[in-house]
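Just below is one structure, and these are the notes that go with it.
The values are calculated or read from the model by the stated rules, or taken from the named source; none is laboratory data. Source: prediction; values computed, not measured. Cβ coordinates were reconstructed from backbone atoms using ideal geometry, including for glycine residues, and neighbour counts include every protein chain displayed. Heavy atoms of the whole protein, side chains included, go into the accessibility calculation; ligands, DNA and RNA do not. Shrake-Rupley method; radii C 1.70, N 1.55, O 1.52, S 1.80 Å.
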Number of protein chains: 4
Amino acid sequence: MTTVSIVNVTSYTGSELLRLIAQHPTFEVTSVTGRSTVGKRLEEIFPFLRAGVPISDGRRPAIDPTLVITEEPAQTDLAFVCLPHAAAAEAVVKLLQRGMKVIDLSADFRLHDVAVYEEWYKHTHPAPALLESAVYGLCEHYRQSIAAASLVANPGCHTTTSILALSPAVAAGIVKPDVIIDTKTGISGGGRSPSLIYHFPEADEDVSAYGLSGHRHMPEIAQELTASAIAGGHPFEQELRITFVPHLMPMTRGILATCYADLKQNGVEPLITTAEVRVLYEQYYKDEPFVHVIDQPPHTKWTYGSNHCFIYPIVDSRARRLIVVSCLDNLVKGAAGQAIQNANILYGLPEIAGLTSLAVHP
Amino acid sequence: MTTVSIVNVTSYTGSELLRLIAQHPTFEVTSVTGRSTVGKRLEEIFPFLRAGVPISDGRRPAIDPTLVITEEPAQTDLAFVCLPHAAAAEAVVKLLQRGMKVIDLSADFRLHDVAVYEEWYKHTHPAPALLESAVYGLCEHYRQSIAAASLVANPGCHTTTSILALSPAVAAGIVKPDVIIDTKTGISGGGRSPSLIYHFPEADEDVSAYGLSGHRHMPEIAQELTASAIAGGHPFEQELRITFVPHLMPMTRGILATCYADLKQNGVEPLITTAEVRVLYEQYYKDEPFVHVIDQPPHTKWTYGSNHCFIYPIVDSRARRLIVVSCLDNLVKGAAGQAIQNANILYGLPEIAGLTSLAVHP
Amino acid sequence: MTTVSIVNVTSYTGSELLRLIAQHPTFEVTSVTGRSTVGKRLEEIFPFLRAGVPISDGRRPAIDPTLVITEEPAQTDLAFVCLPHAAAAEAVVKLLQRGMKVIDLSADFRLHDVAVYEEWYKHTHPAPALLESAVYGLCEHYRQSIAAASLVANPGCHTTTSILALSPAVAAGIVKPDVIIDTKTGISGGGRSPSLIYHFPEADEDVSAYGLSGHRHMPEIAQELTASAIAGGHPFEQELRITFVPHLMPMTRGILATCYADLKQNGVEPLITTAEVRVLYEQYYKDEPFVHVIDQPPHTKWTYGSNHCFIYPIVDSRARRLIVVSCLDNLVKGAAGQAIQNANILYGLPEIAGLTSLAVHP
Amino acid sequence: MTTVSIVNVTSYTGSELLRLIAQHPTFEVTSVTGRSTVGKRLEEIFPFLRAGVPISDGRRPAIDPTLVITEEPAQTDLAFVCLPHAAAAEAVVKLLQRGMKVIDLSADFRLHDVAVYEEWYKHTHPAPALLESAVYGLCEHYRQSIAAASLVANPGCHTTTSILALSPAVAAGIVKPDVIIDTKTGISGGGRSPSLIYHFPEADEDVSAYGLSGHRHMPEIAQELTASAIAGGHPFEQELRITFVPHLMPMTRGILATCYADLKQNGVEPLITTAEVRVLYEQYYKDEPFVHVIDQPPHTKWTYGSNHCFIYPIVDSRARRLIVVSCLDNLVKGAAGQAIQNANILYGLPEIAGLTSLAVHP
C-alpha cells in the first residue's frame, strides 16, 4: 500500500481525490488537512462519504469517513496538494523537505519561466528554485519525466482540454501559430467557496464569458503548445498568437473546448482533409487509455465522473481552418483523475489503476 | 403617480419589485435603500436594469437604473420593506411614524399572537403594538381590510401556496383538522446571499428536505387555516394538527405545494367526490384574477415570472383523503407580485395593475 | 466468469447495467438485444462506451463497445430483462425455458396477486404461473429467497425508496396503518423515449405532480409494507391506508421519498422519540452495506451514480407523526444497481461486487 | 386594433407570440392555426394560458385562451408564420395573395440569392419571385424598408446575435474579413418537437457543439455582414472568411455569441483600443431601445423573457483581435420579440409597443 495525504481536502479537487482513491487498489488516504475545518471528521464535511463505512463482510474501501482533518499532513509516501496558488508552493516546499513525493494541483509549478508566472499571478513566486525540477503533469506528453519526478505540477481543466485538442495538429505542423480557444466549463471548476457568481439563482439558466482581458491559463497553454511544436519537429516560425476565452455553463461538471486554428495551405486549398486529420489524431493517441478520437461532436456528459477525454477534429474547408472540439470532466481528467494517473506513473502502476469507471450517463 | 421606496432593494424581493413596478401604470420608484451597497447606482448591482434606460421616443419605464442606493429611504407615499425579520420591524416603525404606508415582506407582522412569534423566532418582537393594526396581506381573503390598512404583512411563498390550496376545503368543512403540507421550492426563495447549500454545484441536480424539526411558516399557515375555517362557518372542533415539510428543488423560481387532508366521511365513503370538490373550489375562486382551479396537475413553469396561481384538487377515494396541488412563482405571487397586488388594493387601483404578464413559458 | 445478457439494452436501465457491469469482477456481458436497433454496435447507440475499448496494457473492461445488438439473446448464464411490462413477461418465460436465470426489471412479477396486477395494469397477465416462484428482489428483505430463485422481480425506484424508509417503523409496530408517501424523482426514471413532458424546455425549471388518480407502484408498496408488518410481528389491524403521489423534478437522477405515518400514541404523547426511532432504524439496517441511517436530511446528490440509500427518520412530536426521508439514485439502487446486487446474491458473491463506487459529488 | 393570425401556433415561436401580444396595446390575435391540433382550444395545448381568461373587472388580455385552432388562417390584417422552411414559403404566398401583411419567422426569405438558398437548404425554393420584395427583418438595420414592406423575413437567434455583435466593427472598417463566431444557445431554439438530443436526461448537464460541417445560418450572417461593410463605406476587399460553430447549452432560453475578428493593424499595434471600440459601438447603437453596449461581459439571464440585447466589445491587444460577446433571449429578440418589433414598424407604432418588459431575473 502507498500512503497518501490530501492537503486541503475540503476543496472539490480534494473530495474528488477521496472519491477516486476509494476505488484504487493500492493507495490509502491516511492524512487529510483543512483550514477552517481542523478537528472535524471527513463525514461531517462530506456526509455522502458515510456510505464508505467499513462493512460487515470484512472488505473496506480505501477511505475512512471518520478520518479527522488536521492542520498539518502526517508523514506519507505521497501528498496531493489542493491549495490555491502561492499557499500551494509554500506547502510543497515543506512536503518535499520531509521526503514526500508531491502532486500539486495548483498553478504554482506549471509555468517554467518565473517571470511569466509573476506577470500573470501578480506576486513573487514562493519557491522559484523548484521550477526546474517540477514536471508538467500532462501524462500523455511527459510520462517518462513524471515517472522520475519528485514534484508533479498537475495541469488544470482548461489547459488539459485545450492542449490535448491542439497538440497533434501543432506537432504535425499543419496549422499556423494562430489559435483561438473558446472553452465552456461547468461551475465546479470555480471551487467550493460560495460567491454571487456561483449562487444557484444567478448561475442557473445562464451562460457568460469571463477573463476576457487575459486569463492565467493562457500562458500555460502557450508554453505547452510551443513545446508540442518543437517535440513534433515543427517549431513555430513566429510567436504563437493565442486568444483564450472561457465561458461559464449552467452545469456542475464538464468542460468543452472549441479550438480554431488556421490551417497551412497548399496553394488555395487547405493542406489536409478532415479524413486525413482524423487519421493523424488517431495515430497520435493510439496507445492512450483515456484519450479517444471520434467521428462526431462529443458531449461533456459522456465523461461525467470518468477520466476520459473525447476529441473531434474537423476541417472547415471553406474557411481553411481546423476546428477541434474536445471535452472531459473538469474534476477528473481536468484535476483529480489526472492527478491519480500521475501518481500511478510515479509508482510504476498501470495508468488506469483506480480510473476504470465509465461515465455516469445519462 | 404614487411614489414608492424599496427598503433593502438588493434582495431578490427588492429586485423583483423593480421589475414589476417597471410595468406599473402609476407607481414610480423614487428611493431605494441598501446596506453594504449605499452609494451605488441600481445598474451597478443589477446590470440587467440598464435595459431600462430612458429611450429616444420619450417614453421611459418607471425604473431609473441610475437611481442611487441610500441608507435611509426618502419620503414617499408607500414603502416596500424587504429586510429580514426583526430588522424589518424596526424599519417599519420609523416609516409609519413618517406617515408612509408600508407593505412589509418579512414575517414580522404576519402572526397575530406575539407569544407565538417569539416562540418561533426566538427573539423579543421589536414592535408588538403594531401587530393589532397590521393586516395579513393575502389579497384573496382580506382585501377589504387591506384597503384600509397602513401596514400590510405580505405573506411568503410557502404560506400563500398552502393557504390558497387548503382554504376552500377548510371553509367548507369537508376535511378534518389534520393536514400534511409538502412543499417544493425553487432556490431563489432562499435569498440572494451566497452559501454552501445554494452554491450551484451543491444545489444543482439535488433535492432535499429541510426544516423538519419545525419550520417558522407552520404557525402562520395554522393561523390562517383556522381563520378560514371560522370564516366559512366550520370552525375546527379540535386544534389543527399540521405537518409541514419544505423541500429544495434544483430550479430558480417556482413553488409547488402538495397538501393532504383527511376527508370527513359519510359512513365509509368520503364525503365528497373529485367533481364536487372541483366545483366547490371553482366557486370559491370564481372572481379571482390570479387564482385558477384546473383539471390537471399544474406545473410551476406555468407561473414563471407571473402573479398567477394554479390549484388542482382531487379526492383519493381509496384513502379517503383530499389532495390539493397548487403552485405559483415564489418571487411573484409568493412575494413581490402579491405585494404589488396589495399596493393596488391600498390605492384603489385594479388589482391586476402592473401584473398582467403571462408566464414566460417555456 | 458468469455470462450475462441484457434484453432491451437501449433503455436507461440497460445502459446503466453496462456501466455497472464494466466494474464487476466476474460478470461479462456477451449478448445484448434491442428492438429498433438490431444490427448496430453498442458504441453507435452509446458513444460514451467507446471509452471502454480494450487498452494497451492488456486489461480490458467487461464491456465490449463493439458488441452487436441482436433481436434474441444468446444463451448466457443470466439475463437482465429491461423491457416494459407485458413484453417483459413474455421474454422471461422464454429465457427460463432455456434454463437461464432471470432478473426482470419490469413490474410483471412484483405483485403476488394476479388480480391486483390485472386491476392496475389493465391487461391479462402473460405468465401468471410464474408469480408464485418469482422472488421480490428487495435485497434487504429477501436475500435468502433470492439466493435460491430462478426469477427475481427487481423493484423500481419509488418502491425501493419508500419501502426502505417505512419498513423499520412498520415492522416495529410503532405506526398506524396510515401512510402518505410523497416522492420526488429525476427524469431518467421516465425512460429513454422522448416525449413532450420530458422535452428539456418543458421539464427544465419545472416541478409537477403526476399519477394522482392512482399510481401503479402503490399496490406494490402496500404489499411489501404489509409483509414487513407481518415479518416484524406487528401485522396491521386494519387494511393499510396509503396515499402515494410522485413528483417530477428538473434533474436527471435521484429520487427522494418523504413518508408520513401516524405514530401510535402513549396517552397523548407519541410512542417514541426521534432519538429512539433513530436507534430502531440503525439497528434494522446495521449490517446493510448500502442503507445508511443518518442524523440530517439527506440529499439525492449524495447518491449520484452509486448504489447507496440514505434514510433520515424524525418524529414530528407536535403532530404525533413519524416523518422519514429517504433517497437513492433511481437508476442504481432503484433499478440496475439493485439488479446487480440481486445477481451477486444469486451467484453467492459479496453483495457489493461491482457496486463499490461512491457517489459522484458534486 | 390590428387583427393578427399566428400560423402554426403550436411551435415555441407561436406560443411566444401569444405571450407577447397579450401585452400589446393594439394587436389582437383572432386566428391561430395548427397541424395535428386542429379543433383544439389554445388552453388545451398551453394550459398556462388559462391565466388569461377574461376577468371580472371588465379588462381582458389580448389573448383568448378558448380560441380554437384551425387549419387555415382567417382573414386578418397581419399574419405571423411559424412554420418550418419550405412549408412557410407556401403559406406566405397564399397569405400575400389574400392581401395580408406577413412576417415570416422561417428562413425562406432571408437569403437574397436563390442559388445560395438552394445550396444550403437542398430543395427548390417554393417562391423565388418573392425574394426580391421580402425585407430582411433586422430592425436596427432596415427599419425604413420594413415600414414599407408586405413581407418581412424575420431573422433567427444565431444571426441576430452575431450580426448585432459584428456589424459596428465591420461598418467602421476596423476588422479584416476574417471572423469566427462561437454561439451558445438554449434548447428552446431547437423547437417544441421532442427528440433524443433534447430529451431532458440527455441534454441536462451537457454541452456539445453541432453543425460543424456547415450550418445554414452561416450564409445569412455572411450576407448581412457584407451588407454592413458596404453600408458603412468599408466594403470587404476579399470575400468574408467566416467560421460559425453553434453549441447547445443545458438551459431553456438565451443565446450568447462570442465573436472573434482580426483587427486591422497600425504597424504592429492593433488599430484601436478597447475604449475606442466601445465608443464606436455606443455611437452605433445610441438610439436603439433594445441594444445595449456595456462594459462587462453580459449574461444571457439578463435577457430572460425580454427583447433586449447586450453587447460587450473588447480588444485582445496581445493577439490583435477584436472579441465581441453579445446575448439575447433566443425566443424574444431572436424570434417572436423581433417579429413584434417588426410588426410595430409595419404599423407605424412605437417599436417598444408590447415589448417593455424587463428580463425575469434571477
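Taking the criterion of being part of a loop (DSSP other than H, G, I, E, B) and within 14 Å of chain A (Cβ to nearest Cβ), would at least one residue in segment C:308-328 satisfy it?
Within segment C:308-328 (the criterion being part of a loop (DSSP other than H, G, I, E, B) and within 14 Å of chain A (Cβ to nearest Cβ)), the answer is yes, since at least one residue qualifies.
Quick check: is even one residue across segment C:191-208 closer than 30 Å to C:ASP77 by Cβ and of a type outside the set (S, T, N, Q)?
Yes, because at least one residue in segment C:191-208 is closer than 30 Å to C:ASP77 by Cβ and of a type outside the set (S, T, N, Q).
In the list C:PRO250, C:PRO270, which residue meets the criterion of being modelled with pLDDT under 95 and either of a type outside the set (Gly, Ala, Ser) or open to solvent by 10 Å² or more (accessible area, probe 1.4 Å) (or both)?
Working: C:PRO250 fails: modelled with pLDDT under 95.
Going through C:PRO250, C:PRO270 in turn, just one is modelled with pLDDT under 95 and either of a type outside the set (Gly, Ala, Ser) or open to solvent by 10 Å² or more (accessible area, probe 1.4 Å) (or both): C:PRO270.
Hey, B:ILE181 hits all of (1) in contact (Cβ under 8 Å) with a residue 60 or more places away in the chain; (2) open to solvent by less than 30 Å² (accessible area, probe 1.4 Å); (3) away from chain C (no Cβ under 14 Å); (4) of a type in the set (A, V, I, L, M) but one; which does it fall short on?
Only one criterion is unmet by B:ILE181, namely (3).
Which residues, taken from segment A:327-362, are small (Gly, Ala, Ser) and over 13 Å from the mean Cα position of the chain (by Cα)?
Taking segment A:327-362 as the starting set, the residues that turn out to be small (Gly, Ala, Ser) are A:334-337, A:339, A:343, A:348, A:353-354, A:357, A:359.
A:ALA343, A:GLY348, A:ALA353, A:GLY354, A:SER357, A:ALA359, listed by residue number.
Quick check: is even one residue across segment A:207-230 of a type outside the set (Lys, Arg), surrounded by fewer than 21 Cβ atoms within 10 Å (Cβ to Cβ) and under 21 Å from A:ARG320 (Cα atoms)?
no
It is to be established whether one or more residues within segment C:156-163 are at pLDDT 95 or above, more than 30 Å from C:THR300 (Cβ to Cβ) and in a helix (DSSP H, G or I).
No.
State which residue is surrounded by the most Cβ atoms within 10 Å (Cβ to Cβ) when the search covers only segment B:278-296 and only residues that are in contact (Cβ under 8 Å) with a residue 60 or more places away in the chain and touching a helix residue (DSSP H, G or I) at 6+ places or on another chain (Cβ under 7 Å).
B:PHE290
Scan segment A:1-24 residue by residue and report those that are open to solvent by 30 Å² or more (accessible area, probe 1.4 Å) and either away from chain C (no Cβ under 14 Å) or more than 22 Å from the chain's Cα centre (by Cα) (or both).
Hits for segment A:1-24 are A:MET1, A:THR3.
For D:GLU239, are the conditions met, namely being open to solvent by 30 Å² or more (accessible area, probe 1.4 Å), modelled with pLDDT under 95 and not aliphatic (A, V, I, L, M)?
yes
Confirm whether A:GLY191 is open to solvent by less than 30 Å² (accessible area, probe 1.4 Å), closer than 30 Å to A:TYR281 by Cα and either of a type in the set (A, V, I, L, M) or within 19 Å of the chain's Cα centre (by Cα) (or both).
no
For B:SER357, state whether it is open to solvent by 10 Å² or more (accessible area, probe 1.4 Å), within 7 Å of another protein chain (Cβ to nearest Cβ) and on the phi < 0 side of the Ramachandran plot.
yes
Please work out which residue is nearest to the other protein chains (Cβ to nearest Cβ), limiting yourself to segment D:288-307 and to residues that are of a type in the set (Val, Ile, Thr) and within 25 Å of D:LYS264 (Cα to Cα).
Filtering segment D:288-307 for residues that are of a type in the set (Val, Ile, Thr) and within 25 Å of D:LYS264 (Cα to Cα), the one nearest to the other protein chains (Cβ to nearest Cβ) comes out as D:ILE294.
Quick one: would you say B:MET218 is under 17 Å from the mean Cα position of the chain (by Cα) and aliphatic (A, V, I, L, M)? Walk me through how you get there before you give the answer.
On the way: under 17 Å from the mean Cα position of the chain (by Cα): yes; aliphatic (A, V, I, L, M): yes.
Here the answer is yes, as B:MET218 does meet what is asked.
When segment B:174-203 is examined, which residues are found to be β-branched (Val, Ile, Thr) and either more than 16 Å from A:ILE197 (Cβ to Cβ) or part of a strand (DSSP E or B) (or both)?
Result: B:ILE174, B:VAL175, B:VAL179, B:ILE180, B:ILE181, B:THR183, B:THR185, B:ILE197.
When you scan segment B:329-339, do you find a residue that is part of a loop (DSSP other than H, G, I, E, B), closer than 30 Å to C:PRO219 by Cβ and open to solvent by less than 10 Å² (accessible area, probe 1.4 Å), even just one?
Scanning segment B:329-339 turns up no residue that is part of a loop (DSSP other than H, G, I, E, B), closer than 30 Å to C:PRO219 by Cβ and open to solvent by less than 10 Å² (accessible area, probe 1.4 Å).
Report yes if some residue within segment B:173-190 is in contact with a Gly (Cβ under 6 Å, 6 or more places away or on another chain) and not hydrophobic (A, V, I, L, M, F, W, C); otherwise report no.
Yes: segment B:173-190 contains one or more residues that are in contact with a Gly (Cβ under 6 Å, 6 or more places away or on another chain) and not hydrophobic (A, V, I, L, M, F, W, C).
If D:ASP206 satisfies every condition in (1) more than 14 Å from every other protein chain (Cβ to nearest Cβ); (2) outside any helix (DSSP H, G or I) but one, which is the exception?
Evaluating D:ASP206 over (1) more than 14 Å from every other protein chain (Cβ to nearest Cβ); (2) outside any helix (DSSP H, G or I) leaves (1) as the failure.
Out of everything in segment B:116-134 that is hydrophobic (A, V, I, L, M, F, W, C) and not in a loop (DSSP other than H, G, I, E, B), what residue ends up being most open to solvent (accessible area, probe 1.4 Å)? Break it down stepwise before answering.
First, pick out the residues of segment B:116-134 that are hydrophobic (A, V, I, L, M, F, W, C): B:116, B:120, B:127, B:129-131, B:134.
Now drop any that are not not in a loop (DSSP other than H, G, I, E, B), which leaves B:116, B:120, B:129-131.
Details: B:VAL116: 41, B:TRP120: 30, B:ALA129: 91, B:LEU130: 37, B:LEU131: 12 Å².
So the residue we want is B:ALA129.
Taking D:GLY186 as meeting all but one of (1) modelled with pLDDT of 95 or more; (2) under 18 Å from the mean Cα position of the chain (by Cα); (3) open to solvent by 40 Å² or more (accessible area, probe 1.4 Å), write down the number of the exception.
(3)
Look through D:ALA153, D:ALA169 and report the one residue that is open to solvent by less than 40 Å² (accessible area, probe 1.4 Å), under 30 Å from D:LEU271 (Cα atoms) and at pLDDT 95 or above.
The match here is D:ALA169.
Listed residues A:LYS101, A:LYS176; which is under 27 Å from A:VAL315 (Cα atoms) and open to solvent by 50 Å² or more (accessible area, probe 1.4 Å)?
Every option except A:LYS176 fails the conditions.
Which condition number in (1) within 12 Å of chain B (Cβ to nearest Cβ); (2) in contact (Cβ under 8 Å) with a residue 40 or more places away in the chain; (3) touching a His at 6+ places or on another chain (Cβ under 6 Å) is the one that D:PHE244 fails?
Every condition holds for D:PHE244 apart from (1).
Do the conditions hold for D:HIS199, that is, is it assigned by TED's automatic domain parsing to the domain that holds D:GLU237, at pLDDT below 95 and not hydrophobic (A, V, I, L, M, F, W, C)?
In short, no.
Out of segment A:319-362, which residues are within 24 Å of D:HIS199 (Cβ to Cβ) and among the β-branched types (Val, Ile, Thr)?
Residues satisfying the conditions are A:VAL325, A:VAL360.
With respect to the numbered conditions (1) touching a His at 6+ places or on another chain (Cβ under 9 Å); (2) open to solvent by 60 Å² or more (accessible area, probe 1.4 Å); (3) within 22 Å of C:ASN307 (Cβ to Cβ), which one is the sole condition not fulfilled by C:ARG143?
(1)
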